[in-house]
Amino acid sequence: MNSKLKKKDKIINFRVSETQKDKIMQNAKQLNMSVGEYLIYLDEHRIINIIDGGKNLAKEVYMLNKNLSVLEKYPFVEVNQVRNLLSEYLMKLNQQMKG
């Protein structure tokens, strides 16, 4: 059923920062939509992927970034070393996501 045909009699109030408010309002204006239309459009058209174990994934990505930062300091580091490090972390993440 199209959202324009549904009965709209509920109200949602929430707090945002001044910056967030300005951005939301600017985006809605650029699309010639009201803020409500814009937020409903986002709800209906954006996909959010929820990853189980997201905290562990974030930790692993952080560690990967930390290790790559260390390698960047050394100009003699081979690209293959970086690839191997990436492969090692990605395989570990893949195993964790499979459970």
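Restricted to segment 44-67, and to residues there that are at pLDDT below 75 and either touching a helix residue (DSSP H, G or I) at 6+ places or on another chain (Cβ under 7 Å) or closer than 30 Å to LYS6 by Cβ (or both), the residue that is surrounded by the most Cβ atoms within 10 Å (Cβ to Cβ) is GLY53. Taken over segment 21-37, residues that are under 20 Å from the mean Cα position of the chain (by Cα) and surrounded by 13 or more Cβ atoms within 10 Å (Cβ to Cβ) amount to 2. Restricting attention to segment 16-40, the residues that are free of Cβ contacts under 8 Å to residues at least 24 places away in the same chain, assigned to a helix (DSSP H, G or I) and not charged (D, E, K, R) add up to 12. Being of a type in the set (D, E, K, R) and at pLDDT below 85 is the requirement here; does LYS92 meet it? Spelling it out, LYS92 is indeed of a type in the set (D, E, K, R) and at pLDDT below 85.
The values are calculated or read from the model by the stated rules, or taken from the named source; none is laboratory data. Not measured: the values here are computed from a predicted model. Virtual Cβ from ideal backbone geometry, glycine too; neighbours counted across all protein chains shown.
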